[in-house]
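A quick write-up on the structure given underneath.
Read the figures in this text as sums done on the coordinates, not as results from a lab. Computed from a predicted structure; not experimentally measured. Positions of Cβ are generated from backbone atoms using ideal geometry, with glycine treated the same way; all protein chains shown enter the neighbour counts.
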Amino acid sequence: MLALTGVGVAAAASAPRVSAGAQAEAAAAQTLRGLTLEQKVGQLFVTWVNGKTADEVNPKNQADFGVDTPAQVIQKYHLGGVIYFNNDSRDNFDDPVQVAKLSNGLQKAAIGSGAHIPLQIGADQEGGTVTRMGAPATEFPNAMAISAGRDTARATKAATILGHELRAVGINQDFAPDSDVNSNPVNPVIGVRSFAGQPGLASDFVTAEVKGYQDSDFPTKTVAATAKHFPGHGAAPTDSHTGLPRIDSTEDQWRATDVPPFKAAIKAGIDSIMTAHIQFPSLDPSLEPATLSKPIVTGKLRNELGYNGVVITDSLEMQGVRQMHSDAEIPVLALKAGVDQLLMPVHLDVAINSVLNAVKSGDIPMQRIDQSVLRVLKLKFERGILFSPFVDPNRVMKTVGTPANLKTAQDIADRGITAIANDAGLLPLKQKPATALVTGWGVSTTATLAQKLTAHGTAATAYPTGQAPTDAQIAQAVANAKNVDLVVVLTNNIGGFPLQTKLLDALQATGKPVVAVAAQIPYDAGYPTTVKTWLATYGYITPTLEALAKVVLGETKPVGKLPVDIPAGADVHTVKYPFGHGLTW
């Protein structure tokens, strides 16, 4: 198969980006002709594997797939792609060099058997909250923190670095950027993953990041970007991981708010778009989840917006797509809707066999399968995956987590800190405090911020109280505050955990200087409290907490501007701090 991709390979390797023209079409068509039905269908599936090497015997693979090793999973199903994770149940990450070796092993398994086609290897590396490859790789803030800095050139640089570091370890697809407009302040799953609550700003930063991911270098050094979650998850009132959200925006509201970032991504040449498991009655009155909706995927995304690239589902493990149909029906309905790739079906055997049976029975025409396989192969050609699937483990650390990259990440984090309220004129502090208490949400966040403050000359201690502080914890925090010069309180989702305001008010009543910090969603600053000083960080990765420490101690000035309106607490119709607000001194 690799010989087939010799069509235009020299040109592909030497151009910043391969045209979606004759070379890619010819290579994809020629490769398609040599595939069996089973191999074609395999190209449409992307799943997890269990293990940190391709040959690791892991009992979870036997339970999930009926084979022992990640390599055998690839070989059994002729898979088109895999997705890496770093959680307790599915952990593919130890360190960047190990990941590179895993990627090479999986590519060897794919090329050496079945369809002989290299894999798309993907990860959710949005930055901030959704990060799969952490330190020593470069860690960037959440999307909303980046847009708070109002510098699209820096966003492009962040995506460039993320993409280069991923590709260095063999990951050639990033399921980013999040292209949702966070129009609902109580959205439980998007929030700071979104660039903005306003479509114009979100579109600008989506464009900037697509450019960085895809167009910053030769295709063999960049990654396929994925705009998500179409038709837009930003107004959702619930989490599609655990239920099926319904968005009741009108079609006109959808066009005005949710569409622009996806149009921007398409205009920028986005390689793939991920669907959302949401109901959107104004777009499809049948109430099918968007992932399974032909009016949405084919009618809106394909026909109206003119997108002809790869469409991939969000994870088919999520409850949002499993409410109305069986696990056997879901992949068939998704393909009928116009989707190309099926991500993480719960039971891979069931999903693949259901598609095979649908093709054999005529329920899904072979032409429909070929259409999707061609899109997948074309992406693999254009992104340099077909002709350059392997990476050099010995060169990984020359790209990943370099001092220059880490410096860029810190610079971007510094620009995101936003001063929302300074009603008592507390900041900048008249003099650096000798001691400080860091309390509120998060064991690791309070500890890390205390370490950062201490490193900058203020001896700080941490006393975490969590999101729902008890009366005893509040009393202890108050007692601790009496012995310090400054109190910093981290909050996270006051709307869902209102006892945090009780902690804030109790600490303010001590008479000590109190700085409240919305450590995730900035909407916390809108809730009623006696605290007069609010900062927003839009996340809590280490560079962000370093940036916060410098602002609190007066070493740097806040320059961030709100990417969203902050309502007056639970009154989402009253704006307390408007889009674009941000104090400095």
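Quick check on the exposure proxy: order TRP585, TRP441, TRP254 from fewest to most C-beta atoms within 10 angstrom.
Values: TRP585 10, TRP441 27, TRP254 18.
Fewest-to-most Cβ neighbours within 10 Å comes out as TRP585, TRP254, TRP441.
What does the charge count around LYS40 come to, taking other residues whose C-beta lies under 13 Å from its C-beta (Lys +1, Arg +1, Asp -1, Glu -1)?
Values: positive: ARG33, LYS360, ARG368, ARG375; negative: GLU38, ASP340, ASP370.
Spelling it out: positives minus negatives among the neighbours equals +1.
Rounded to two decimals, what ratio of Rg to Rh does region 61-198 give with C-alpha atoms and a Kirkwood Rh?
Numbers: Rg = 17.0 Å, Rh = 16.4 Å.
A ratio of 1.04.
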Next on the checklist: Full-extension gain between GLU38 and GLN98, please, as 0.36 nm times their residue separation minus the C-alpha to C-alpha distance.
Outcome noted: 18.5 nm
Next on the checklist: With percent of Cα pairs over 32 Å apart as the read-out, I listed [x] 46; [y] 57; [z] 52; which label goes with the value calculated from this structure?
Outcome noted: [x]
Next on the checklist: Just to confirm the number: angle between the C-alpha axis of helix 499-508 and the first principal axis of the chain, 0 to 90 degrees, nearest 10?
Outcome noted: 30 degrees
Checklist entry - According to a simple spin-label model (label point 7 Å from Cα along Cα-to-Cβ), what is the distance in nm between GLN62 and VAL186? => result 4.8 nm
Checklist entry - Once label points are set 7 Å from the Cα along Cα→Cβ at both ALA404 and VAL130, what is their separation, rounded to one decimal in nm? => result 2.9 nm
Checklist entry - Which ordering of MET344, MET144, MET397, MET274 is given by a fewest-first count of other beta-carbon atoms within 10 Å? => result MET397, MET344, MET274, MET144
Checklist outcome for this item: Partner lysines whose C-alpha sits under 30 Å from that of LYS101, ignoring same-chain residues fewer than 8 away, are LYS40, LYS52, LYS60, LYS76, LYS157, LYS211, LYS221, LYS228, LYS378, LYS380, LYS398, LYS407
Item to check | region 416-577 - share of DSSP beta bridges that are antiparallel (%, nearest 5) | outcome: 25 percent
Checklist entry - Going 7 Å from the Cα of ALA468 toward and past its Cβ, which residues in region 504-545 have a backbone nitrogen under 19 Å from where you end up? => result 504
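Once the other residues with Cβ under 12 Å from the Cβ of GLY114 are scored (Lys, Arg +1; Asp, Glu -1), what is the net sum? Please list the in-between numbers first.
On the way: positive: LYS40, LYS76; negative: GLU38.
Net local charge, GLY114 excluded: +1.
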Next on the checklist: Between ASP248 and TRP585, what is the label-point separation in nm under the 7 Å Cα-to-beta-carbon projection?
Outcome noted: 4.4 nm
